[in-house]
Structures are given as C-alpha cells and as structure tokens.
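The values are calculated or read from the model by the stated rules, or taken from the named source; none is laboratory data. Since the model is a prediction, treat every value here as computed from it, not as a measurement. Quick reminder, even Gly has a Cβ in these numbers, built from the backbone with ideal geometry, and neighbours come from all protein chains shown. Ligands, DNA and RNA are excluded from the accessible area calculation, which covers all protein heavy atoms including side chains. Shrake-Rupley method; radii C 1.70, N 1.55, O 1.52, S 1.80 Å.
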Amino acid sequence: MARNVFITGATSGIGEAIAHAFAQNGDNLILIGRRKERLEAVQAELETLYQATVWTYQLDVTKVDMVSDICQKILAEVEVVDILINNAGLALGLEKFQDYAVEDMLTMLDTNVKGLLLVTRQILPQMVESNSGHIINIGSTAGIYAYAGAAVYSATKAAVKVLSDGMRIDTVDKNIKVTTVQPGLVETNFSEVRFKGDKQRASEVYQGIQALQATDIADITLYIANQPQHVQISDITIMATKQATGFTIHRES
Ligand code: NDP
Ligand code: 8X3
C-alpha cells in the first residue's frame, strides 16, 4: 500500500533524489523546502514520471510558527504521515571557529538541529497515536569525525545522531522506527551552498574522487524504509570507496 512520505529539503540533492526513489516505489510524497519554484518543478516531474501523488508546501524549517502551521495543515490534508525524512540542512563556510561568522554558525544550528526537532515534534505525536511510523534523520560522517573548519557543522550532525537515539528510546514501546543515515561526501549543491555560490571552489571538493551521488543515498534510504516491521536499521554510514573517515580521502591527481 502506498505510504505518505514527508521529506524536508526536497528541492535539490539528496532530498530530491529520495523523493524520486519513493515515488518510483509507488509512495505518496509530501515535499517541503523554501524555494517554491523548485518544489513545483520537482512535483511536476514526479507526477509525470511516476504518476505519483505529491503535495508540496513552501516551508522554512527554522521558523517556529510556520513549522507548526504547515505541519498541522499537512496532517489535516493527508491524515497520516507514515515516514518522515528530516533531510533539510546545510553547511555555511569552512573557517576556524575563532574566525567564523556568528550568523553562519546560527543558521547551521537553526536549520540542522532546530528545524529537525521542530518538524519532528509536530509529526511524531500522530505516529505515537497511530502506533506506527518511521523517522529517518540525515546526519553525516561529519557528526562522527570533526574536521578542520567544520566544528559547528559537525556538532549539528552529532546532534542529529543523538536526537535520533533519544527519539528511539522515547518511542521504544511503539511500532515506530528511528534511523540515522550518515553519508560521507555526496556530490550535490551542498558545497556550492557552503561556499556561497563559488562554483569553482565547490567543484574542487569532488575532484579526484568518485564521490557518492544523491541517488546512492536515495536507494539506501528506500531500502531502510522497506524492511519488515520487526527490522529497524538504527544507524548507517555510507562513504565513497576512496573515503576512509570524514576527511581521509584518497584523490587521484
Ligand atoms: P543541497 O544543498 O542539494 O540540498 C539541501 C536541501 O535543504 C535543499 O532542498 C534546501 O531547500 C533544503 N533547506 C536548506 N535550508 C532549509 C530551510 N531553512 N528550510 C527548509 N529547507 C531547507 O544539499 P544536500 O542534498 O547534499 O543536503 C541534504 C542533507 O544531507 C543536509 O542535511 C546535509 O547536511 C546532508 N549531508 C550532505 C552531504 C553531502 O556531502 N552533500 C553528506 C552528508 C550529509 P531550499 O533551499 O529550497 O530551502
Ligand atoms: C557533508 C559531508 O564531509 O563535506 O555532511 O562534511 S562533509
């Protein structure tokens, strides 16, 4: 039976690829992001390619009132969210902590941590009530291995892992699964956002290594969601073959 799958940050990269994977699987999609035109484009593509049922809502996950309003609208419209995929996130900058722009630090915290917990706080009660559901949080290898210039981004992704663990404990008596997906280097718009539109610097991140693609993470996320009810994948870390830790990467010159 088609499930209702709510994906945050579905306008590009990993979130968009996950939307395609689940739509192709026959699931219904609830997609959010800040860019309305991108939401409309992704919706049109999913409807055309897979005849999918897709709802889109423009939402900035950092805005407390907006998150509760839109999530309540979503629940009224779709009634049940079967799977929530907290994917919206970003890194801004790559600087020593002592030099970091405070605004960038706070935007990362607000998006990657506050956004995730605000959305989940709205959706999880319905899962608890229906005694069914799956929350999949997109963490990062950065949450396991801190690296130079990324103290705050790494901390936000460590928080994602710990929040997932806490949610799993608090719902242990329910038929609810919680998974943290921790990808390494994935070639998306991530670095262009991090370097504020500097395409040259962004492309260098993926030079000399066959990086993961968003579709790799999407395939694995669908696999996680398609396990039998008694199987819960709690955590999964995925890296390119030539990546050994967060920043131990072998590049061909
Ligand atoms: P992209 O930049 O391609 O996608 C980021 C998505 O997050 C966009 O859809 C963007 O939508 C959304 N987003 C950002 N801020 C907000 C906000 N305030 N409210 C709602 N949506 C928001 O990057 P990725 O696909 O790579 O990133 C997706 C997730 O994967 C992030 O959490 C990232 O940290 C994580 N990740 C990425 C890795 C990588 O190497 N690329 C590796 C490990 C984890 P919009 O701009 O329309 O709001
Ligand atoms: C994104 C992966 O290694 O660029 O989470 O931080 S990394």
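Going by what's in this entry, would SER253 be described as polar (S, T, N, Q), open to solvent by less than 80 Å² (accessible area, probe 1.4 Å), away from ligand 1 (no atom under 13 Å from the Cβ) and touching a residue at least 40 places away in the same chain (Cβ under 8 Å)?
Considered against the rule, which asks whether it is polar (S, T, N, Q), open to solvent by less than 80 Å² (accessible area, probe 1.4 Å), away from ligand 1 (no atom under 13 Å from the Cβ) and touching a residue at least 40 places away in the same chain (Cβ under 8 Å), SER253 comes out as no.
Does segment 174-224 hold any residues that are acidic (Asp, Glu) and either in a strand (DSSP E or B) or over 21 Å from ASP27 (Cβ atoms) (or both), and which are they?
The initial filter retains those residues of segment 174-224 that are acidic (Asp, Glu), namely 187, 192, 198, 204, 216, 219.
The answer is GLU187, GLU192, ASP198, GLU204.
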Point to revise | Odd one out for ILE169 among (1) of a type outside the set (Asp, Glu); (2) open to solvent by 60 Å² or more (accessible area, probe 1.4 Å); (3) touching a residue at least 12 places away in the same chain (Cβ under 8 Å) | key: (3)
Review point. Of all residues in segment 225-250 being within 16 Å of ligand 1 (Cβ to nearest atom) and out of contact with any strand residue (DSSP E or B) (no Cβ under 9 Å at 6 or more places or on another chain), which is farthest from ASP27 (Cα to Cα)?
Key: THR248
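Kindly indicate which of LEU84, LEU90, LEU109, LEU94 is within 16 Å of ligand 1 (Cβ to nearest atom) and over 27 Å from GLY133 (Cα atoms).
Residue meeting the stated conditions: LEU94.
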Check your understanding: Does LYS157 satisfy the condition of being within 15 Å of ligand 2 (Cβ to nearest atom), of a type outside the set (Val, Ile, Thr) and open to solvent by 20 Å² or more (accessible area, probe 1.4 Å)?
Key -> no
Check your understanding: So how many residues does segment 25-78 have that are part of a loop (DSSP other than H, G, I, E, B), at negative phi and not charged (D, E, K, R)?
Key -> 6
Practice item. Identify all residues within segment 79-115 that are in contact (Cβ under 8 Å) with a residue 60 or more places away in the chain and assigned to a helix (DSSP H, G or I); write none if there are none. Key: GLY115
Exercise for review: Identify all residues within segment 138-149 that are buried (at least 23 other Cβ atoms within 10 Å of the Cβ) and not small (Gly, Ala, Ser); write none if there are none.
Suggested key: ILE138
Study note, to complete from the structure: Scanning segment 32-85 for residues that are within 22 Å of THR179 (Cβ to Cβ) and open to solvent by 20 Å² or more (accessible area, probe 1.4 Å) gives LEU75, VAL80, ASP82
Point to revise | Subset of segment 8-31 that is closer than 11 Å to TYR57 by Cβ and in contact (Cβ under 8 Å) with a residue 60 or more places away in the chain - its residue that is surrounded by the most Cβ atoms within 10 Å (Cβ to Cβ) | key: ALA10
Study note, to complete from the structure: Among residues of segment 235-250 being open to solvent by 40 Å² or more (accessible area, probe 1.4 Å) and in a loop (DSSP other than H, G, I, E, B), the residue nearest to ILE83 (Cα to Cα) is MET239
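To keep it simple, each residue is scored yes or no on (1) under 19 Å from the mean Cα position of the chain (by Cα); (2) open to solvent by 10 Å² or more (accessible area, probe 1.4 Å); (3) hydrophobic (A, V, I, L, M, F, W, C); (4) at pLDDT below 95.
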| position | (1), (2), (3), (4) |
| --- | --- |
| GLN122 | yes, yes, no, no |
| GLU129 | no, yes, no, no |
| SER164 | yes, no, no, no |
| GLU187 | yes, yes, no, no |
Point to revise | Filter result for VAL162 (among the β-branched types (Val, Ile, Thr), without any contact (Cβ under 8 Å) to a residue 24 or more places away in the chain, in a loop (DSSP other than H, G, I, E, B) and over 17 Å from GLU16 (Cα atoms)) | key: no
Check your understanding: Of all residues in segment 183-206, which are over 14 Å from LEU94 (Cβ atoms), away from ligand 2 (no atom under 12 Å from the Cβ) and charged (D, E, K, R)?
Key -> LYS199
Exercise for review: Output the number of the condition that TYR57 fails; it satisfies all remaining conditions of (1) among the aromatic types (Phe, Trp, Tyr); (2) within 30 Å of THR248 (Cα to Cα); (3) within 17 Å of the chain's Cα centre (by Cα).
Suggested key: (2)
